[in-house]
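Peer 1: Below you'll find the structure I mean.
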Amino acid sequence: MCMLFKLVLLYLWVHWVNQGSDFVTGRSGNVTSGTVFVNGTASIGKTDDNFICATLDWWAPNKCDYGTCSWERSSLLNLIRMGGTLQDKVIYETKDDKSPCAPFVKNSSEMFGFSKGCLPMSRWDQLNVFFKKAGAMVVFGLNALNGKTIGSDGSATGAWNSSNAESLIRYTVNKGYSIHGWELGNELCGTGVGAKVAPDQYASDVKSLENIVQNIYRGFEVKPLVIAPGGFIDTNWFAQFIQRTPKSLQVVTQHIYNLGPGTRAKSSYLKVPSNKAAFQITLNVGYVGNDNQLINNILDPSYLDGGAQPFRDLEAILKNSATPAVAWVGEAGGAYNSGQNLVTNSFVNAFWYLGQLGMASSYDTKTYCRQTLIGGNYGLLDTATFVPNPDYYGALLWHRLMGSNVLSTSFSGTTGVRAYAHCSKQSQGISLLLINFNANISVNVRVVTDGEQAPRVKLGNTSREEYHFTAKDENLHSQKVVLNGKILALNSSGGIPPMEPVNRSMTDPIIVAPFSYVFSHISSIILPACIN
């Protein structure tokens, strides 16, 4: 427990460390120029302050993909979403339950390859002590299949038996534990993964959860959020579901795995519809070497641009409905089946992850939960050592610099750069993220605001702050990241190193090296959208 506590403290360090050093960016190669246009008249979206979120999952140590067991003892035990594939097979220990509270057991004949498992209340107590000490905001995923009958086609029929979940919620409240939100179900929407629930029945089940929350938390000034459905977007299903939950749902969650499988397996797959951008459960079997398709997808900006469609679809559904509910990404690991070692836990994955954060916020997504904080091959922290993987530092800088107000941003000059801009967080000005997908081209970037629609109200400081991120030894598979020429490594006490910017004159372009990304805080550009 002590080690796990240190792990979340490490993650939650996002609130503490501050940023000044000297660095000359770039490597040999061609140079081109480009321009970032920022329209600061009004924001195009607004994120929550806790936009950056990470997940903890239920997978046991013997959950293996492609012959590799990458979860070790990282099972589910700041915003942390506790859920995942096995959550709909979890029962919660109650004082009236006389049967043993048994863990998950591997069983190939069962859905997802595991038996039902039980969460002991002693473990729940430990977790909540841990969450309180860490200052974590917790979203907990509840078992939505309890009481349902699953047919041969995967259809789960019948009403949700909420009694077991209600017992957990009552226990939680009686113990004084704080839960930010209760989420019902995992990947049961649309055609589902393993099982599916029709939208009208799911809406009825969510109303049952809302009634439980309202009843148990009666008298509480702030009540937990009711969240659903936690699955891949299916526009017809989501539209029907949201239409039927206008008052009982506060957050609509979708999952994102748009990169394909972690590794190409030799066997066939148990597939779910293609519009999910692809979640598949690999059956039993080994793999064929290294699959270059995954890294090709990550480094193809036009392919990644297609990842905006789920955000666009959910934003449109919510705008066209009567619901006050907002959009979250409840789980996103990019590559399904636990990701791929030295890809989804290495420097190259930032090209997918940071682009996802930029696109999601542009479509008014309030929170984005990365799969995972720890576990699998896509954790922000190394499963064995708790040392941050490269994406941890990208998430950290986003959390520190990118404020809630999202600005309309476009880039011209090369198709290999993506740009995102927000009003700065807890400071004046704007913050930019520039991602260079070009392998051998440095890009000199100038920042322009729309002079008529977004005039600069104030032009003061003559310098800006820049944070240049590159891979150690220019190796995209490296799990070491370099900031402004210095390798980021934990200090002797296990603390996050200072992440200091370099200062550059506003008259100079921002030089974005090949295969790198840059955050820049420009305090002198103060736009109408950023004035409260």
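Peer 1: State in Å² the accessible area per residue of region 162-271; use a 1.4 Å probe, count heavy atoms of protein chains only, and round to the nearest integer. Walk me through the intermediate numbers first.
Peer 2: On the way: 4280 Å² over 110 residues.
Using a 1.4 Å probe on heavy atoms only, each residue of region 162-271 averages 39 Å².
Peer 1: What part of the accessible area of region 356-467, given as a whole %, is carbon or sulfur when the probe is 1.4 angstrom?
Peer 2: On the way: 1530 of 3410 Å².
Answer for region 356-467 is 45 percent, counting heavy atoms of protein chains only.
Peer 1: May I ask you to list the trypsin sites (Lys or Arg not before Pro) in region 171-268 that are in a DSSP loop and have at most 13 other Cβ atoms within 10 Å of their Cβ?
Peer 2: Values: sites: Lys175, Lys196, Lys207, Arg218, Arg244, Lys247, Arg264, Lys266; in loops: Lys175, Arg218, Arg244, Lys247, Arg264, Lys266.
Those that pass, being in a loop and sparsely packed, are Lys175, Arg218, Lys247, Lys266.
Peer 1: With a probe of 1.4 Å, find how much accessible area region 475-532 has per residue, and write the answer as a whole number in Å².
Peer 2: Details: 2310 Å² over 58 residues.
Dividing the accessible area of region 475-532 by its residue count gives 40 Å².
Peer 1: Under 17 Å Cα-Cα from Lys95, which aspartates and glutamates qualify once same-chain neighbours fewer than 8 residues away are excluded?
Peer 2: Within reach: Asp125, Glu166.
Peer 1: Please compare each pair in Lys425/Lys472; Lys106/Lys196; Lys46/Lys207 to a cut-off of 24 Å on the Cα-Cα distance and tell me which ones are over it. Walk me through the numbers on the way to the answer.
Peer 2: Working: Lys425/Lys472 29 Å; Lys106/Lys196 22 Å; Lys46/Lys207 27 Å.
Exceeds cut-off: Lys425/Lys472; Lys46/Lys207.
Peer 1: With a ≥ b ≥ c taken as the square roots of the eigenvalues of the C-alpha gyration tensor of region 365-499, please select rounded if a/c is under 1.5 and otherwise prolate if a/b is larger than b/c or oblate if it is not?
Peer 2: Details: a/c = 1.89, a/b = 1.63, b/c = 1.16.
Prolate shape, in that a/c is at least 1.5 and a/b is the bigger ratio.
Peer 1: Moving on to the next point. Amide H to amide H under 5 Å from Ser463: which residues, 5+ apart in sequence or cross-chain, H placed 1.01 Å off N in plane?
Peer 2: Met506
The values are calculated or read from the model by the stated rules, or taken from the named source; none is laboratory data. It should be emphasised that the depicted structure is a prediction, and the values quoted were computed from it without experimental measurement. Cβ: placed from backbone, ideal geometry, glycine included. Neighbour counts: every protein chain shown. Note: areas computed on protein heavy atoms with side chains; ligands, DNA, RNA excluded. Shrake-Rupley method; radii C 1.70, N 1.55, O 1.52, S 1.80 Å.
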